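Comments concern the structure below.
The values are calculated or read from the model by the stated rules, or taken from the named source; none is laboratory data. Quick caveat: nothing in here was measured; it's all calculated off a predicted structure. Glycine also receives a Cβ, built like all others from the backbone with ideal geometry; neighbour counts cover every protein chain displayed. All accessible areas refer to the heavy atoms of the entire protein, side chains included, with ligands and DNA or RNA removed. Shrake-Rupley method; radii C 1.70, N 1.55, O 1.52, S 1.80 Å.
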Amino acid sequence: MAQEDVFKKLIAHSKEYGYIFPSSEIYDGLGAVYDYGQYGVELKNNIKNYWWDSMVLLHENIVGLDSAIFMHPKIWEASGHVDAFNDPLIDNKDSKKRYRADILIEEYLQKIEAKINKEIIKASKRFGDVFNEKQFRETNPQVKQNQAKFNTIQQRYVAALETDDLKEIRQIILDCEIADPVSGSRNWTDVRKFNLMFETKFGSVSEEANSIYLRPETAQGIFVNFLNVQKSGRMKIPFGVAQTGKVFRNEIIARQFIFRMREFEQMEMQFFVRPGDEIKWYEYWKEKRMNWFKAFGIDENKLRFHEHDKLAHYANAAVDIEFDFPIGFKEIEGIHSRTDFDLAQHQKFSGKKLQYFDTETKESFVPFVVETSIGLDRTFLMILSNGYSEEKAPNAEGQLEDRVVLKIPPALAPVKLAVLPLVRKDGLPEIARKIIKELKFDFNCQYEEKDSIGRRYRRQDAIGTPYCITIDHQTVNDNTVTIRYRDSMKQDRVKIEKLREILSEKVNMRKLLEKID
Ligand code: ATP
């Protein structure tokens, strides 16, 4: 199946099964804004808890924070967002569609890279064990030509970004003959800058109201509370502050489902270190964060690091963790060594000292910061894309039929257990209710008695419920139930009293956390 089709199916599936709805749908929706449904909110909360616990529970030197969305407007001047939080936009005059000029170029570069990789994979299959990739890259004319083209464009692109040369960015698009992906037209406008922050009025009387921004990242709330947390928590460097919360960006493109939203959630952690130690901690967090993804079973081949072509104004090292979405490898998390930029800027703009006093050396200094910044919604999309699977499964008569299954890691799945009485009589529903009454304090359980067992299984597969138990007539006699596993579709007969133990073993968040501790 083509990857675009997978993406479309995922969007339809998310809506049909209560994961994600377009916002304000009965009014024809609102661009790049989405609502999370009954299962979506559970999955989102579970991811958030896994992230939070991996930071705050597992590190005694990391604490949490929940700062306000509204912040003093000067904060965004100090952080550089008022001047520099811009994306370069370009319009296609024929299709009237708007694009990010940088993304058009980056996607073009990615296509060249993909061509090179395809040649390499082909050759490695042809030559087998004796294949020498380095030699092949240096000698294959096709690969050499593509690599040279890639290098030239990339150099021009990076130089244009560094000098903020919008004319040159447009020229690269023209020279590479990049066409509008929708209409195929190459009739482009100039490139313009567009600030992504939402502005609103703060205060009740309009003449007195001040302009204020909705925060475009949670990080600044941590920086401006640096001393509050450090002093009240008696934190010793190195230490971290973690925060999750809504952020807002007036994104230019609104065509990528929850990958690019105008209102979304971030999970960020700022780690304050001694100047000079930042690269050591940057490497530490790079590895830690990659392991966080691997621990919940994301296919390693679908994850990669991507070094930044151009460092942000505040960073001295930066890397993205990318996931291979159905729309290609894209950023899911950024790990940035932010130097002392933010604290020093806030010190300057507020006139308040933001320094750490080292009681041992009796020195004061502005700490350096290593940041991990992950999008909750993109993580959500990663789990759905990674888990979505269309398969054949035998029905009650043994014939194969289609099943769609969401293979969500059990610890993160919205519903852990579906309890299904085989029939709606003979005391079976009562036994099912009794089991739920006992287990509901620990696990999200769902009771379902409608339709055939096969159809109920299909529905639970589509929701991603890892375990279903069926109460049948044998249960009345011997207190056993069948437990059915979502991924293998295997079934076991187990004692009711064993259920808690079996489930705890499989769905407990602790198991995930132990892997990364
Ligand atoms: P991009 O280059 O894709 O616009 P970014 O580099 O601007 O992303 P950061 O500012 O580093 O992103 O934000 C940290 C994380 O927040 C990203 O890795 C991503 O997971 C998430 N994120 C950023 N923008 C969006 C968005 N518009 N919708 C959903 N998640 C987002």
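Pairing each residue of region 351-372 that is within 14 Å of Asp277 (Cβ to Cβ) with any residue that is hydroxyl-bearing (Ser, Thr, Tyr), provided the two are 6+ apart or on different chains, yields C-beta distances under 7 Å for Tyr356/Ser364; Phe365/Tyr356; Pro367/Tyr356; Phe368/Thr339; Val370/Tyr282; Val370/Ser337. Just need a number here: residues in region 31-69 that are part of a loop (DSSP other than H, G, I, E, B) and either open to solvent by less than 70 Å² (accessible area, probe 1.4 Å) or free of Cβ contacts under 8 Å to residues at least 60 places away in the same chain (or both). Residues meeting the conditions: 12.
A search for C-beta distances below 7 Å between a residue of region 256-278 that is modelled with pLDDT of 95 or more and among the β-branched types (Val, Ile, Thr) and any residue that is within 12 Å of the ligand (Cβ to nearest atom) and open to solvent by 20 Å² or more (accessible area, probe 1.4 Å), counting only pairs 6+ apart in sequence or on different chains, returns Ile258/Tyr34. From the list Asp340, Asp377, Asp402, exactly one residue is of a type in the set (Asp, Glu), farther than 17 Å from Ser79 by Cβ, surrounded by 12 or more Cβ atoms within 10 Å (Cβ to Cβ) and touching a residue at least 12 places away in the same chain (Cβ under 8 Å). Which is it? Matching residue, one of Asp340, Asp377, Asp402: Asp377.
Scanning region 233-252 for residues that are within 9 Å of the ligand (Cβ to nearest atom) and either modelled with pLDDT under 95 or open to solvent by less than 20 Å² (accessible area, probe 1.4 Å) (or both) returns Val247, Glu251.
Of all the residues in region 93-124, those that are in contact (Cβ under 8 Å) with a residue 60 or more places away in the chain and open to solvent by 90 Å² or more (accessible area, probe 1.4 Å) number 3. So Arg455 ticks every box in (1) under 21 Å from Gly18 (Cβ atoms); (2) of a type in the set (Lys, Arg); (3) under 31 Å from the mean Cα position of the chain (by Cα) but one. Which box is left unticked? The one condition Arg455 does not meet is (3). Comparison of Arg262, Arg255 shows that the only residue that is in contact with a Lys or Arg (Cβ under 8 Å, 6 or more places away or on another chain), within 15 Å of the ligand (Cβ to nearest atom) and open to solvent by 40 Å² or more (accessible area, probe 1.4 Å) is Arg262. The single condition among (1) touching a residue at least 12 places away in the same chain (Cβ under 8 Å); (2) acidic (Asp, Glu); (3) away from the ligand (no atom under 16 Å from the Cβ); (4) under 19 Å from Phe226 (Cβ atoms) that Glu391 does not meet is (4). For region 449-472, filtered to residues that are over 15 Å from Ile483 (Cβ atoms) and touching a Leu at 6+ places or on another chain (Cβ under 8 Å), the residue that is most open to solvent (accessible area, probe 1.4 Å) is Glu449. Note on region 303-322: among residues that are assigned to a loop (DSSP other than H, G, I, E, B) and among the aliphatic types (A, V, I, L, M), the one that is least open to solvent (accessible area, probe 1.4 Å) is Ala315. If you filter region 125-167 down to residues that are aromatic (Phe, Trp, Tyr) and in a helix (DSSP H, G or I), you find that the one that is surrounded by the most Cβ atoms within 10 Å (Cβ to Cβ) is Tyr157.
Among the residues of region 328-378, those identified as within 14 Å of the ligand (Cβ to nearest atom) and outside any strand (DSSP E or B) are Asp342, Leu376, Asp377, Arg378. Inside region 473-493, residues that are within 24 Å of Ile408 (Cβ to Cβ) and open to solvent by less than 20 Å² (accessible area, probe 1.4 Å) make up a count of 4.
Consider Phe271 carefully, then state whether it is out of contact with any strand residue (DSSP E or B) (no Cβ under 6 Å at 6 or more places or on another chain) and open to solvent by less than 30 Å² (accessible area, probe 1.4 Å).
no
For region 170-181, the criterion of being exposed (fewer than 15 other Cβ atoms within 10 Å of the Cβ), more than 16 Å from the ligand (Cβ to nearest atom) and not in a helix (DSSP H, G or I) is satisfied by at least one residue. Residues considered: Lys167, Lys201, Lys193. Of these, the only one that is at pLDDT below 95 and over 24 Å from Asp66 (Cα atoms) is Lys193. Pairs meeting the criteria (first residue in region 485-505 and hydroxyl-bearing (Ser, Thr, Tyr), second residue part of a strand (DSSP E or B) and open to solvent by less than 40 Å² (accessible area, probe 1.4 Å), beta carbons under 9 Å, at least 6 apart or on different chains) are Tyr485/Tyr467; Tyr485/Cys468.
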